[in-house]
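These notes concern the structure reproduced below.
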Amino acid sequence: MTATRNAVLFGNGARGAKLAALGLGVALFASACGGSGTPEQEGGGSSAPAASGLTCPEPTQNGAGAKRTKGDPSAVPASKGSTDQPLKIGTLLPTTGTLSYLGPPEIAATNLAVKEINAAGGVLGKDVDVVHRDSGDTTTDIATQSVTDLLGQDVSAIVGAASSSVSFNVIDQITNAGVVQFSPANTSPDFTDYKDNDLYFRTAPSDVLQGRTLGSYMISCGAQTLGMIVLNDPYGTGLQANVKQAFEGAGGQVVAEEMFNTGDSQFSSQVDAVVAAKPDAIAVITFDEVKSIAPLLLAKGVDPKQLFLVDGNTADLSKDLDPGAMEGAQGTIPGTFAKEDFRADLKTVDPNLKDYAYAGESYDAATMIALAAEAAGSTNGKDIAKELEGISKDGEKCTDFASCVTLLREGKDIDYDGLSGPITFSDKGDPTEAYIGIYNYDAQNVPQPAREEFGKL
């Protein structure tokens, strides 16, 4: 997530070099009702008119039910390396604050990864330990205190934060200590060229991808004018800029852009200004402030089918809004849909889990840290960082710790393709290719998987 959910492309090369060109390979609808490209297939379909006057592409889940291939933990050969200091992973994930709904799936996925790693014999012959701490949000200093605690426990890597803004508050503290920071949800483009001692990575793609996907998708629905209500932080403004660029680049017009700050509780003026502009579509780029903003928009006569949410707020709203209030609204979340078998596995560590956003990215982060440590023969953060780009590409494909570590111990190069997508780090630690999931809200105000858009950065 931006400043909370921002993610960057990483790798092991010189990080000073700038991205040559952000050429997006997002196959977004050849026409207003066209199909969507993925590496495996083309999905398309007819479309049905919406009450708002918008006509969005028919849902096509593009193989979302595919199962992941797992290795046999009992068949994993013994490690050829050893370590006096077992790998310890810390997490800096939200259990309080505006992104607290993201904490449960991210924590559960990290725990699942560690469970599977240890079932396969651990890293360098020893079980992996995980220590969880709350990130809070930018209205508190919880994240700094949590990082101080984690560093005091000699963690090699920290999975988090979810919020880009929170990550910006602690990235120097973490990376200057020689510890890997690996976010499953940071999407701010500003991380790409940040001076991070080559120690910051992310599995979530930069909001360049999510923004362009959402902007193009609204055009594909037939929207010609757009209003936006935006959180004024690195996440919100970064996403806003890319949505606007894509929407206007496709011939649309942005007619209202209303900002608010973290901690604000009154949104009437922003809502009034956007409604007065009479846009075809409204992008709500917020965190849980959507629980206050959406009812105000709907009370002004906005059709929920005109509402387009983002990863910061596309969550289960069944307990927050009247039944059916959000039916037909849509939202985007980076990453593939959480498949049924993955959801079932997650329930073994958290039976009460309801949201799955960034679960795949969190699982992949923990798994890749462990694989990089095995490849490096070391649990030192800097050594782990040097291996992360290499294990993400140009080798024999594998999809979980057991199968990948088996290949490593057989002396083979690996290409880890995760639950969140192919990943493939750039030399900046950013994923260079990723999926963006599009979700439709049902009559219970719960987002349901509808489409997966694949793109390259």
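What share of the DSSP beta bridges in the stretch 298-457 is antiparallel, in percent to the nearest 5? Rounded to the nearest five, the antiparallel share is 75 percent. If you take the alpha carbon atoms of the stretch 215-257 and fit the smallest convex hull around them, that volume is 53 Å³ per residue. Entry comment: accessible area of the chain is 35 Å² per residue, from protein heavy atoms only and a probe of 1.4 Å. Principal axis analysis of the Cα atoms in the stretch 185-259 yields extents of 44, 24, 17 Å, listed in decreasing size. Where the alpha-carbon atoms of the stretch 137-242 are placed on the principal axes, they occupy 54, 27, 18 Å, in descending order. With only the Cα atoms considered, the stretch 132-191 has a convex hull volume of 72 Å³ per residue. Relative to the dominant Cα principal axis of the chain, helix 142-152 is inclined by about 10°.
In terms of packing, defined here as the mean over residues of other Cβ atoms within 10 angstrom, the peptides 218-225, 68-75 line up highest first as 218-225, 68-75.
Centroid-to-centroid, using Cα positions, the stretch 370-449 and the stretch 185-208 are 15 Å apart.
Give me the percent of Cα-Cα pairs in the stretch 95-176 that sit more than 22 Å apart, rounded to a whole number. More than 22 Å apart: 29 percent of the Cα pairs in the stretch 95-176. Given the chain, what percent of its DSSP beta bridges are antiparallel, to the nearest 5? Taking every DSSP beta bridge with both residues in the chain, the antiparallel ones total about 35 percent. Each semi-axis of the equivalent ellipsoid for the stretch 322-457 is √(5λ) with λ an eigenvalue of the Cα gyration tensor; in descending order they amount to 33, 16, 12 Å.
Scalar couplings 3J(HN,Hα) for the stretch 115-128, obtained by applying the Karplus form with A = 6.51, B = -1.76, C = 1.60 to θ = phi - 60°, are 4, 5, 4, 6, 5, 9, x, x, 10, 6, x, 10, 4, 8 Hz; x denotes Gly and Pro. Given contacts defined as C-alpha pairs under 8 Å and at least six residues apart, what's the relative contact order of the stretch 138-288, whole-number percent? Dividing the mean separation by the residue count of the stretch 138-288 yields 21 percent. All C-alpha pair distances within the chain, sorted into 10 Å bins from zero, spread as 5, 23, 33, 24, 11, 3, 0 percent across the bins. Between Met326 and Asn445, the built amide H atoms are under 5 Å apart, and every one of these is 5 or more places off in sequence or on another chain.
Overall, the chain carries a charge dipole of about 340 debye about its Cα centre when +1 sits on the Cβ of Lys and Arg and -1 on the Cβ of Asp and Glu, all other atoms neutral.
Grouping the Cα pair distances of the stretch 239-320 into 5 Å bins from zero gives a pair-distance distribution of 3, 13, 26, 28, 20, 8, 2, 0 percent in increasing distance order.
Descending by average beta-carbon neighbour count within 10 Å, the peptides 153-162, 90-99, 134-143 line up as 153-162, 90-99, 134-143, the highest first. A cut-off of 5 Å between modelled amide H atoms, ignoring neighbours fewer than 5 places along the same chain, links Lys397 with Asp415.
With R₀ set to 41 Å, the beta-carbon distance separating Lys195 from Ala273 gives a calculated FRET efficiency near 0.60. Rounded to the nearest 500, the 222 nm mean residue ellipticity of the chain from helices alone is -9000 deg cm²/dmol, with -39,500 (n - 2.57) taken per DSSP H run of at least 4 residues. An ellipsoid equivalent to the stretch 282-391, defined through the eigenvalues of its Cα gyration tensor, has semi-axes of 38, 16, 11 Å when rounded to whole angstrom and sorted largest first. The residues neighbouring Gly90, those whose beta-carbon lies less than 12 Å from its own, together hold a net charge of -2 under the Lys/Arg +1, Asp/Glu -1 convention. Counting only protein heavy atoms and using a 1.4 Å probe, the accessible area of Tyr200 comes to about 0 Å². Residue-wise HN-Hα couplings along the stretch 97-103, as the Karplus relation 6.51 cos²θ - 1.76 cosθ + 1.60 with θ = phi - 60° gives them from phi, are x, 6, 10, 4, 5, 7, x Hz; Gly and Pro carry x. Karplus-derived 3J(HN,Hα) values for the stretch 364-376, using 6.51 cos²θ - 1.76 cosθ + 1.60 with θ = phi - 60°, are 5, 4, 5, 5, 5, 4, 5, 5, 5, 5, 5, 5, 7 Hz; glycine and proline are entered as x.
Amide H to amide H distances under 5 Å link Val255 with Leu226, Gly227, where only residues 5 or more positions off or on other chains count and H is placed in the peptide plane. Stretching the chain fully between Ser318 and Ser265 yields a gain of 17.0 nm (0.36 nm per residue, less the alpha carbon separation). Spin-label pair Asp341-Lys88: with each label point 7 Å from Cα along the Cα-Cβ axis, the two points sit 3.5 nm from one another.
The values are calculated or read from the model by the stated rules, or taken from the named source; none is laboratory data. Predicted, not measured: the structure shown is a model, and the values here were computed from it. Don't worry about glycine lacking a Cβ; one is built from the backbone with ideal geometry, like all the others, and counts go over all protein chains shown. Please note that ligands, DNA and RNA were not included when accessible areas were found on the heavy atoms of the full protein model with its side chains. Shrake-Rupley method; radii C 1.70, N 1.55, O 1.52, S 1.80 Å.
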